[in-house]
Amino acid sequence: MSWSNSRGSQSSKNFSASSIKSLRQYDIEQLYDEDCSDVLMVDKYLLNPRGIMSRYKFTDKAIWCAELIQANPVSKVLGFVVRSAVGTPNLQHWAFVARGTIPRMDDMVAFFVAQFGGNDYIPKYNDRQYNPKNFHALFIEGDKRMAALQVCSTKERSAVWIKPSLVLPNAHPFVPFPATAIVDAATTAVATEILTHPGGKLVDPGYVPANWTKMNARSLSELNDEMFKTPSAGRDYDLTFNNCQHFANHLFDRLS
């Protein structure tokens, strides 16, 4: 997926206007009549070491999934065949998500959302200052539902779920179950929903430990740097060999 639409929005926060412009795959404000003023792109203004955002420590990670857009039944089948052939789960967009709090202020919660798409290019760490396609993560303070909406594609695809630790083709009802797969029913992964369709309704606004994997505490700046160190960096997006799922997995595995 790619962040092809952008809208500037006003915010009461004291940030530069450029930090308020959040480039998203789809215009969530238009789709859901939502105020997205608190969805910020992670840039030099947000990464200011003297800013309040630097106080957040991110200690939980997950991969959130949403249904991919397929133009018609034929492309849906072809997409399934191609991705199945290379061993990656099909018809899902994956995003890496981290959850953080300010130490001794557990009610101050923020989400870091990083996702890779078809028109994106991730520069390598040493070249990140050039960033020709402005690849960036998103920072959402306090609003879990808004963080999850950033992973959605359209209003008709407003479900978001957690990638199970055991990924199987039938881990979510949106994903067809291939006849060639042999699955032990006792080990079948069940996806936990973050948002339900229709309307993108939040299942649980609170912190559910089972929905997250612990990692060593990292600052916003440290999280951001890791995006440019994955094997997806320095390479063009490729549907088969360097896609959103590869990027999300790489980042998830790096952050132990």
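The values are calculated or read from the model by the stated rules, or taken from the named source; none is laboratory data. From a predicted model like this one, the values you see are computed outputs, not experimental measurements. Here the Cβ is made from the backbone with ideal geometry for all residues, glycine too, and neighbour counts use every protein chain on show. We work out accessible area using only protein heavy atoms, side chains counted, and drop any ligands, DNA or RNA first. Shrake-Rupley method; radii C 1.70, N 1.55, O 1.52, S 1.80 Å.
Odds and ends about this structure:
- Solvent accessible area, Å² - Lys201, 1.4 Å probe, full protein context: 130 Å²
- Solvent accessible area, Å² - Glu141, 1.4 Å probe, full protein context: 40 Å²
- Average accessible surface for region 87-141: 41 Å² per residue, computed with a 1.4 Å probe over protein heavy atoms with every protein chain in place.
- Carbon + sulfur, % of accessible area of region 207-256 - ligands and nucleic acids excluded, 1.4 Å: 49 percent
- Area of Phe247 that stays accessible when all protein chains are in place (1.4 Å probe, Å², to 10): 0 Å²
- Across the cross-link table entries Lys44/Lys201; Lys163/Lys201; Lys133/Lys214; Lys61/Lys124; Lys133/Lys163; Lys57/Lys144, which are compared at the Cα atoms, the separations over 24 Å belong to Lys44/Lys201; Lys133/Lys214; Lys133/Lys163.
- Environment charge of Thr101, counting only residues whose C-beta is closer than 12 Å and scoring Lys/Arg +1, Asp/Glu -1: 0
- Net charge of Cβ neighbours under 11 Å - reference Asn242; Lys, Arg +1; Asp, Glu -1: -2
- Summed residue charge, Cβ within 13 Å of Leu223's Cβ, Lys/Arg positive, Asp/Glu negative: +2
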